[in-house]
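A.B. asks: Got a structure for you, questions after.
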Amino acid sequence: GTTKPGIIVAAYPGSDTNVRGTQQLFLGRHNIINADVISMGGHKSTGQILFRTGLTGGYAILRGSAGEADKVKRMTIGDPRARIVDMTGGGTSAASTGTFNTTGNYLDLSTTDLMVARTQLTGTGNSTGTLTFDQGIIDADNLYIGYHSPGLTTAANATGTLNLNGTGVVTVNN
């Protein structure tokens, strides 16, 4: 489902506004990840998914929990609503920052919703998301870059960046 994170790299469940250190998931040479929801840089935190430093020629295949043709339902990069227990986090004044960088390696991502920075609904903490890749394909039904939620009641900002380099291909189906 899409109401709880399958893989979350950095999210803070507490009520204070102190942002914790950067949490990282390092990929090796050959990676197949099957999860319905993948998030990096969740509620009040900084999270990154990267290939190990200096590694080139590897690959990452990301699919939904059933694998093969099943799409990741939602991938978020810099999402203050992504909490440990759900994807509908409340407001905060703390920032959320996410990075997904596969430079030098092949990415094969099939997803329903790809959100590169999404605002929260009631807090003032900004979100920043950066997706960088140079080889492979992203096949998304919906691509949101700097997504500002309908009904936003505060001045929270979402700054999203998609760096499409080299021979990388992005296909958006809707």
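A.B. asks: Filter region 63-72 down to residues that are touching a Gly at 6+ places or on another chain (Cβ under 6 Å) and assigned to a strand (DSSP E or B), then give me how many there are.
C.D. replies: Count: 1.
A.B. asks: Give just the number: which of (1) open to solvent by 30 Å² or more (accessible area, probe 1.4 Å); (2) hydrophobic (A, V, I, L, M, F, W, C); (3) touching a strand residue (DSSP E or B) at 6+ places or on another chain (Cβ under 6 Å); (4) not in a strand (DSSP E or B) does Ala82 not satisfy?
C.D. replies: (1)
A.B. asks: Are there any strands (runs of 3 or more DSSP E) wholly within region 102-174 with 3 or more residues that are in contact with an Asp or Glu (Cβ under 9 Å, 6 or more places away or on another chain), modelled with pLDDT of 95 or more and under 23 Å from His30 (Cβ atoms), and if so which?
C.D. replies: 106-118, 136-147
A.B. asks: For the structure I just gave you, tell me whether Gly42 is among the small types (Gly, Ala, Ser), open to solvent by 50 Å² or more (accessible area, probe 1.4 Å) and farther than 20 Å from Asp141 by Cα.
C.D. replies: No; evaluated as a whole, the condition is false for this residue.
A.B. asks: While we're looking at this one, here's another question. Go through (1) part of a loop (DSSP other than H, G, I, E, B); (2) over 28 Å from Arg29 (Cβ atoms); (3) modelled with pLDDT of 85 or more; (4) open to solvent by 50 Å² or more (accessible area, probe 1.4 Å) for Ser93 and report which single condition fails.
C.D. replies: (3)
A.B. asks: Condition first: polar (S, T, N, Q) and open to solvent by less than 30 Å² (accessible area, probe 1.4 Å). Can you find one or more residues in region 137-148 that meet it?
C.D. replies: No: zero hits.
The values are calculated or read from the model by the stated rules, or taken from the named source; none is laboratory data. Not measured: the values here are computed from a predicted model. Ideal geometry is used to build each Cβ from the backbone, glycine not excepted, and the neighbour counts take in all protein chains shown. Accessible surface areas use protein heavy atoms only, side chains included; no ligands, DNA or RNA. Shrake-Rupley method; radii C 1.70, N 1.55, O 1.52, S 1.80 Å.
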